[in-house]
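Asks: I am attaching a structure below and will ask some questions about it afterwards.
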Amino acid sequence: MSALPAKPGLRHSVSEWHSNNHQLSATAQHERHVSNVVRQEGRSLRNETNCKTTWDENDTSRRLSDRIWDVARWKEALETCAQKVDEEMEALTLSKEQTEQALAATAVPLEVSSECLTLRDGRRGYELVVDPVHEQLKTEVELIERVQQDLQQHIDKAFEQLCVLQEARHQLTADLQNKMDALDIDMSCLSLTITSPQISLKTNPTRIPSGSSTPQEWVQFSQYNVARAQEAMQVSQQMREDMSLTRAQLQNELDIQRRATEFALRKRNHHEEQARDELEWQIRNTEDEMAEMESDIHGLDADLQAKTASLKLAHTRLENRTNRPGMDRCRDEVQHGLVDEVHQLEATITALKQKLSEAQHSLQKMKLHHSRMLQDLSRKQEALSLEQRSMNTRTRLASPSCTDKTPVLLVPLTNSSGRSNLQLLAQ
């Protein structure tokens, strides 16, 4: 049995059919119009965005190029400043080493001066005097100690300044390394294109990283590092000039004092030789006088013995004549002559005894003084020996270029601070 046909749906009128057709046409036309407008706006947007994107990319590349130029310029400035800091550190280190050598060179003069003072303290008696040599040696020791203190202060200041330069160099190096890293990053960014395989979408790329700085802060940071390094270099240059001038001045003072001490030592040695020669002449004359005095004492003693024998003879005659008998015991001319002879002999003997005593006393005093002169001569010879040892000790300070027969070599010292030029005696 065949199937029955489906029941027809809602039937429309012709007007509805025409209205539907008109609506479809109008809607299609409107959608096409909208589509056309959208397409035109899309094309306009594409052109506009393409231009904008191209412009932004080019502008960004230009800004990257400008930034690379700025970073490269500061990189060169930092490199130049760091190189100058290295050169200044090397120059300051050399000046510091020269000052240390000058300080070490004062050890021998101080040792020599102290040894000379110790040697001269070995003098005895009246030879232990506070003479010009002693004063000059003390002045020399005090000068050397002051020189050592001044040089040590300059060395300490140079060490501290080297630390300042090292810190400035470290800051420059860190800033320079940051500049180099930033330069590599910016150059890498400049080389990127839309076809580069390294590009990709990132999470929140427009965020502001912590520790970011403004362009003004960036410039001020590098300017501060360079200015700090330049200030440290200026201080170092002034310090090097001061050390050079100080070394020259102190060396001149030491040389002048050394010459004054040696002159006083030679002069004192000459005076002591004169005093020794004078004392030796006095001793020789005293010994001659003592020999003559001893001879005269023997003569006086012999005369005294002879006069005593004559007095005995006169006494015996007088005594024997008292034995004459009676009237023959006459006080005749013989008696008077014997009495006068006795008186004369007694006076002569008294005078001879007095003169003999005076001669013996004078001889004893000369012997005592002779002993003192011999003792003083021994001390003078000992003092001369000590002076000679002191002079021999000071030969360690002699310099081949500073002899009396060789012209003194002068090293001109110039400086940029407007000070007078000095001349350092070459050692």
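The values are calculated or read from the model by the stated rules, or taken from the named source; none is laboratory data. Just so you know, these numbers come straight off a predicted model, no measurement behind them. For neighbour counting, all protein chains shown are included, and Cβ atoms are generated from backbone atoms with ideal geometry for every residue, glycine included. Note: areas computed on protein heavy atoms with side chains; ligands, DNA, RNA excluded. Shrake-Rupley method; radii C 1.70, N 1.55, O 1.52, S 1.80 Å.
Asks: For MET373, MET187, what's the largest-to-smallest order of accessible area, 1.4 Å probe?
Replies: The ranking, largest first, comes out as MET187, MET373.
Asks: Are there any trypsin sites (Lys or Arg not before Pro) in the range 3-98 that are in a DSSP loop and have at most 15 other Cβ atoms within 10 Å? List them by number.
Replies: In loop regions of the range 3-98 (DSSP not H, G, I, E or B), the sparsely surrounded trypsin sites (Lys or Arg not before Pro) are ARG11.
Asks: Would you work out which of PRO325, THR99, ILE297 lies farthest towards the positive end of the dipole of the chain? Charges go on Cβ: Lys and Arg +1, Asp and Glu -1.
Replies: My answer, from the dipole projection, is THR99.
Asks: The range 249-303 to the range 78-127: how many Å between their Cα centroids?
Replies: Each part reduced to its Cα centre gives a spacing of 41 Å.
Asks: For LYS312, which lysines qualify as cross-link partners when the Cα separation must be under 30 Å and same-chain residues fewer than eight apart are set aside?
Replies: Hits, sequence-local ones excluded: LYS353, LYS355.
Asks: Sum -39500 (n - 2.57) across every DSSP H segment of at least 4 residues in the chain, then divide by the residue count to get the 222 nm mean residue ellipticity, nearest 500.
Replies: -30000 deg cm²/dmol
Asks: Simple spin-label model, 7 Å along Cα-to-Cβ: ALA182 to THR53 in nm?
Replies: 3.1
Asks: For the range 58-188, with only Lys/Arg (+1) and Asp/Glu (-1) charged at the beta-carbon, what is the dipole magnitude about the Cα centre, in debye rounded to 20?
Replies: Dipole magnitude for the range 58-188 comes out near 180 debye.
Asks: Once you charge only the Cβ atoms, +1 for Lys and Arg and -1 for Asp and Glu, what is the size of the charge dipole of the range 61-136 about its Cα centre, to the nearest 20 debye?
Replies: It comes to approximately 520 debye.
Asks: When we measure straight from the Cα of LYS75, which lysines land under 29 angstrom away, once same-chain ones fewer than 8 places off are left out?
Replies: Reachable lysines: LYS84, LYS179.
Asks: Also: If SER95, SER65 are ordered by their accessible area, calculated over protein heavy atoms with a 1.4 Å probe, which sequence runs from highest to lowest?
Replies: Per-residue accessible area, sorted high to low, gives SER65, SER95.
Asks: Another question, then. Give the cross-link partners of LYS138 among the aspartates and glutamates, using a straight C-alpha distance below 20 Å as the criterion and excluding same-chain residues fewer than 8 apart.
Replies: Hits, sequence-local ones excluded: GLU111, GLU115, ASP121, GLU127, ASP150, GLU253, ASP255, GLU262, GLU387.
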